[in-house]
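Below: one structure, written as structure tokens.
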Amino acid sequence: MYDVIIAGAGYAGAVSARVLAEKGKKVLILEEREHIGGNAYDEVDEHGVMIHTYGPHLFHTSDKKAYDFLSRFTNFIPYHHTVMGNIHGKFMPIPFNLNSLYVAFDKEKAEKLEKKLLKAYGAETRVPILELKKAKDPEIRELAEYVFENVFVHYTMKQWGYKPEEIDPAVTARVPVITTHKDGYFTDTYQAMPDEGFTKLFEKMLDHENIKICLNTNAFDRIKLKDGKIFFDGEEFNGKYIFTGMTDVLFERKFGPLPYRSLRFDFEYHDVSSYQEAPVVNYTVSEDYTRISEFKKFTCQKDVAGTTIVKEYPRAYEPDSDMIPYYAILNDDNKALFAKYKALADKYAGLVLLGRLAEYRYFNMDAITSHALEMAEKI
Ligand code: UDP
């Protein structure tokens, strides 16, 4: 009856479902939650504020193909995202840039460092903090130590439970030091938010006659893997099974649990029109939470008087709890453990692992969109 069965209705599942459905494949999606959209899901809270239930999602990409694909299902409103660091009560643009220099230091020192940075790296350059720390010039190295201490080390310890040098360098390189006077969290060509939210985008993407969705359905109850074969409701299934959940769970944690990082979100409603001076404020040296996001500042909602914010408390993911695994923790040991599960998965010709959880990777929304587009084309 179905050519493709997909576990999970987040980006990986929904994008591949749409592409395959348009090619005439009959697609069944099994989604454990009571809603589609994965962690990009958004909804209106009891105060009328549009919130991102699983934490702030900001869309940005330089990949025209991914942008064009998603644009078929939403109008994107241009939105330039800014983040401020709260550093002992001083507010500083993040990523740390030439403007941040003038908040951190007196004018004379800031000017000197600005000249040195521009000479060493050129204008508009993204320099990862771990690279900046290796600068030849001792004053740039001293600046790097300042940024490392005040922006990265405590935040990263909170977020990951590891120091910046103990995790994959690509993670901290996501938020480099930038030799620019333009504030902004991203430097991508397209920076925009879906005008009616992400859930609506997913509803439109999944609205196709060849796609059937079963919500509140645990894929493990209906799909079993055994000896290289896939069984659906007890019968051998010869189509493709796209799995977007946790790969260790798919194989009953045979080699032990893959570590993930989870988060606790504390939402607060405040009866004021604005709670903080930026859409997101990162607490890089203090507090147990990493950041406070104020939704209406980035969903661009106008028709609401009060404001809802969320504080993010990172924590270790505990297997078999009701915690949500948000991030793979990328280090050599964990990658090696994942490789063992991947080797098992490769024994199933019909099985495709796709997405942040299943591939144990850090995908942004645009990256998983383009990856799922390619994977679906291949299938
Ligand atoms: N980071 C940091 N301080 C900041 C912002 C980011 O140390 O103020 C580091 C931290 O390790 C974080 C990583 O850079 O996990 C990537 O940040 P990003 O905001 O991209 O993370 P996400 O929004 O995906 O959680």
Query raised in the report: Residues of segment 145-173 being assigned to a loop (DSSP other than H, G, I, E, B) and free of Cβ contacts under 8 Å to residues at least 24 places away in the same chain, which ones?
Result: 163
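Listed here are the residues, each with its yes/no results for (1) open to solvent by 30 Å² or more (accessible area, probe 1.4 Å); (2) among the hydrophobic types (A, V, I, L, M, F, W, C); (3) over 23 Å from residue 361 (Cα atoms); (4) within 13 Å of the ligand (Cβ to nearest atom).
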{"residue": "164", "(1), (2), (3), (4)": "no, no, no, yes"}
{"residue": "174", "(1), (2), (3), (4)": "yes, no, no, yes"}
{"residue": "178", "(1), (2), (3), (4)": "no, yes, yes, yes"}
{"residue": "181", "(1), (2), (3), (4)": "yes, no, yes, no"}
{"residue": "197", "(1), (2), (3), (4)": "no, no, yes, no"}
{"residue": "207", "(1), (2), (3), (4)": "yes, no, yes, no"}
{"residue": "210", "(1), (2), (3), (4)": "no, no, yes, no"}
{"residue": "215", "(1), (2), (3), (4)": "yes, yes, yes, no"}
{"residue": "219", "(1), (2), (3), (4)": "no, yes, no, no"}
Query raised in the report: Taking the stated definitions as given, is residue 31 open to solvent by less than 40 Å² (accessible area, probe 1.4 Å) and either over 21 Å from the mean Cα position of the chain (by Cα) or more than 13 Å from residue 54 (Cβ to Cβ) (or both)?
Result: yes
Requested in this report: Could you grab me the full set of residues in segment 131-152 that are within 17 Å of residue 174 (Cβ to Cβ) and either basic (Lys, Arg) or open to solvent by 40 Å² or more (accessible area, probe 1.4 Å) (or both)?
Outcome: 131, 133
Requested in this report: Return yes or no: is residue 155 near the ligand (Cβ under 9 Å from one of its atoms), over 19 Å from residue 365 (Cβ atoms) and surrounded by 20 or more Cβ atoms within 10 Å (Cβ to Cβ)?
Outcome: yes
Query raised in the report: Regarding residue 324, is this residue within 15 Å of the ligand (Cβ to nearest atom) and either surrounded by 15 or more Cβ atoms within 10 Å (Cβ to Cβ) or assigned to a strand (DSSP E or B) (or both)?
Result: yes
Query raised in the report: Got at least one residue in segment 68-88 being surrounded by fewer than 17 Cβ atoms within 10 Å (Cβ to Cβ), modelled with pLDDT under 95 and either part of a loop (DSSP other than H, G, I, E, B) or within 14 Å of the ligand (Cβ to nearest atom) (or both)?
Result: yes
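The values are calculated or read from the model by the stated rules, or taken from the named source; none is laboratory data. Since the structure is predicted, the reported quantities are computational estimates derived from the model, not experimental observations. Cβ coordinates were reconstructed from backbone atoms using ideal geometry, including for glycine residues, and neighbour counts include every protein chain displayed. Ligands, DNA and RNA are stripped out before the accessible areas are found, and what is left, the full protein with its side chains, is counted by its heavy atoms. Shrake-Rupley method; radii C 1.70, N 1.55, O 1.52, S 1.80 Å.
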